[in-house]
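Chemist: There's a structure below that I have some questions on.
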Amino acid sequence: MAGVSRAICIPNSAATPARELMDEWLAARGFEPHDGKPAWPCDDELERCYFLFTNEWWSILLYSGIDGRLEEDNRLLMHLARGGEPLLYVWDLAGMWGYRIHDGREVLDAYVANYNGAPEWVKEDHPCHGDLKYLCETFALPARPRTLDQIRKSRVIARHDVAARFCDELGVAPAAVAYGDAEWRFLNEAADGTFGGFRVERGYYVKRGFRPHASSLRIDQVPTRVDKAGAAWWPGMSFEIDENYLRAMRRLIALVAAVLTPIAWVLRTLFRTAAWVDALYRRMGWDQPSRHRGAFERELLAGAHASFDVGDGGALRNGLRGVEITMPADAKPLPHECRGAFLFSLGKVRIECDAIRPEADGHVRALFRAPAGFSIAGDESTVAGGFPVRALVWQRDEDEKESAAGTFVARWIVQTPEAFYDFHCVTDSRELQEKVRTAMRDVLASFRRTSATRAVTGATADTSGAAAAAPTA
C-alpha cells in the first residue's frame, strides 16, 4: 500500500445496505448522484466518489472523503453504525497500520503497529489491546488468531506487505488498497467486474448544480499579466550541466552498480529463502515491512503502468486522455519519469505536458501570469489539430540586454472540450529557445484526439477546481 489508505469493512448482516447509507450521507451534505464516468481525481469541494467491494460476507468501503479529510472519519463511522452491526476500520500510513472495531460511538478495541510513532489522529482515548481472539469472535471470522498474530509480528522485508497479508487473512483484502489507486484504475471507464471474489461498484456524486466538463473559458481571450507581488508558483528551473561532468558521473554510477548488483542479488536470495529470517527480524526489533503489493491489489491494478505509450515514428499516445502527438526526430521520450500527460527531452531541454480538467478555470488563468522578475517576450494564438492554442514566452528581466544568454520560460496551452493541455519548458539561451519553438510547431501540428478507449493508466496531474487557487505541477 502506497501513501494513505483508509477502509471501512461492513458485515453484510447489517440491517441497512451500505450503499443506501452512503446515499443518505452524501445527500445530507449537498451531493447528488451523477451517471457519468469520472475522468479526473475527485475535487474535494465539488465531488465525492466511493468504491464498494462486496462478497457474501463483507461490504468494504473506500471513500474519497475519508481518504483526504480526517474529520469525516468518525462521523461517517457513526452514520454507518445505523446498520446495526459492528464495523472494522482499517488504516495504513506509509507502512504504519492498524485497525479499530466500532459499535456506534463506542470503540470496542483497536490495534496500532508502532504506537509510539503513530500520528496524533490515531492516538485517541480508546482501548488499544489488539485482541485477535476478540476480533475473530466479533465478526465470526474463520481466521485463526495464532495465524493473525504471526502475520502481525512479521518483519520480513521480502514478503508481501504485512497489512495486506493481515487483511487477506481476515477475508477483507480490498481494505489494503488505497482509494487513490482504485480511483486511477477506473478513470474514464466503468467500475464493474469481480476481483479476488469481490464485486466492485462505484458511487459518483457531484455538488448540486455542478456539471463536470463544463467550461466557459476561451484561451484566446485570456489576458497575460506579470506578477509584481512576489514569487509565484512556477515550474522548477533547469540549467545546463557540463557534458564531461555528466559522462563521468554516469561511468561512476555504472561502476558502483556493477559491484553492488551481484551482492544485492545474493542477499535478496538469502532473505527470500531462509526460514530463520522472520525470527531474526523479531529478535532484532526491526520494523521494515515489505513494499510489495498484496495479491488482491496486484489483480485489481493489473495493467497500470507508464502514463503514455511510445509508438513507431516518435508517436506518443496517452490512452487515458485519448490524445496523441509526434515528438521531434531527435527527441527522447521519458514515460517512466512522467507525472503528466507527456514528457520528452529535446537535447538538454525537458518538455512536459500536463492535462488540466476543463472546469479548472482558475488554474488555467494562473498559467497566463508571469512570475515576478519576468516580462512577456511573446504571445501568439494558433491552432493544434483544429483546437485553439496560446503560445507564451517569458524572459527574465535582467537578461533582456543579453543577446544570446538568458532564462526563457515557454508554454503552449491547447484547449479541447475534454481538457486543457499545458506544454511547458525552460531554456537558458535565445538560440535554444528558438530551436524548441520551431520543434514545438511540428509537435502541435501533430496533436490529435484518438479513440476514447482507455489503454493505460496515466499519472495525470491533479488540477481540479479546488486546486485552482494554489495550482501544483
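Each value in this text was obtained by applying a stated rule to the coordinates, not by laboratory testing. Just so you know, these numbers come straight off a predicted model, no measurement behind them. For neighbour counting, all protein chains shown are included, and Cβ atoms are generated from backbone atoms with ideal geometry for every residue, glycine included.
Chemist: Where the centre of each part is set by its Cα atoms, how far does the range 24-97 sit from the range 416-451, in angstrom?
Modeler: When both Cα centres are located, 40 Å separates them.
Chemist: Using per-residue counts of other Cβ atoms within 10 Å, averaged over each peptide, order 340-353, 14-27 from highest down.
Modeler: Details: 340-353: 21.4, 14-27: 16.4.
Listed from highest to lowest mean packing, they are 340-353, 14-27.
Chemist: Okay, next question. Residues with amide H under 5 Å of GLY378's amide H, sequence separation 5 or more or different chain, H placed in the peptide plane at 1.01 Å from N; which?
Modeler: Amide H to amide H, under 5 Å and 5 or more residues apart or across chains, GLY378 pairs with VAL393.
Chemist: Then there is this: Fewest to most neighbouring Cβ within 10 Å: what's the order for LYS133, LYS435?
Modeler: Values: LYS133 12, LYS435 16.
Lowest count first: LYS133, LYS435.
Chemist: Where does each of ARG29, ARG448, ARG6 land when they are ranked from fewest to most other beta-carbon atoms within 10 angstrom? Present the calculation step by step, with values, prior to reporting the outcome.
Modeler: Numbers: ARG29 12, ARG448 15, ARG6 23.
Lowest to highest Cβ neighbour count: ARG29, ARG448, ARG6.
Chemist: Give me LEU80, LEU260 ranked fewest to most by other Cβ atoms within 10 Å of their Cβ, as a rough exposure proxy. Before the final figure, lay out each step's value.
Modeler: Numbers: LEU80 23, LEU260 10.
Ranked by crowding around the Cβ, least crowded first: LEU260, LEU80.
Chemist: In terms of modelled amide H atoms, which long-range or inter-chain residues lie less than 5 Å from the amide H of GLY294?
Modeler: Answer set, sorted by chain and number: ASP161.
Chemist: Follow-up. Contact order normalised by length for the range 301-355, with contacts defined as Cα pairs under 8 Å and 6 or more residues apart; what percent is it?
Modeler: Numbers: 92 pairs, mean separation 14.6, N = 55.
The value is 26 percent.
Chemist: A further question follows. For a quick protection proxy, order the peptides 46-59, 319-332 by their average other-Cβ count within 10 Å, most packed first. Provide the component values of the computation, followed by the final result.
Modeler: On the way: 46-59: 21.0, 319-332: 19.3.
Highest-to-lowest ranking by the protection proxy: 46-59, 319-332.
Chemist: Quick check: the distance between the Cα centres of the range 310-389 and the range 178-210, to the nearest angstrom?
Modeler: The distance from the Cα centre of the range 310-389 to that of the range 178-210 comes to 28 Å.
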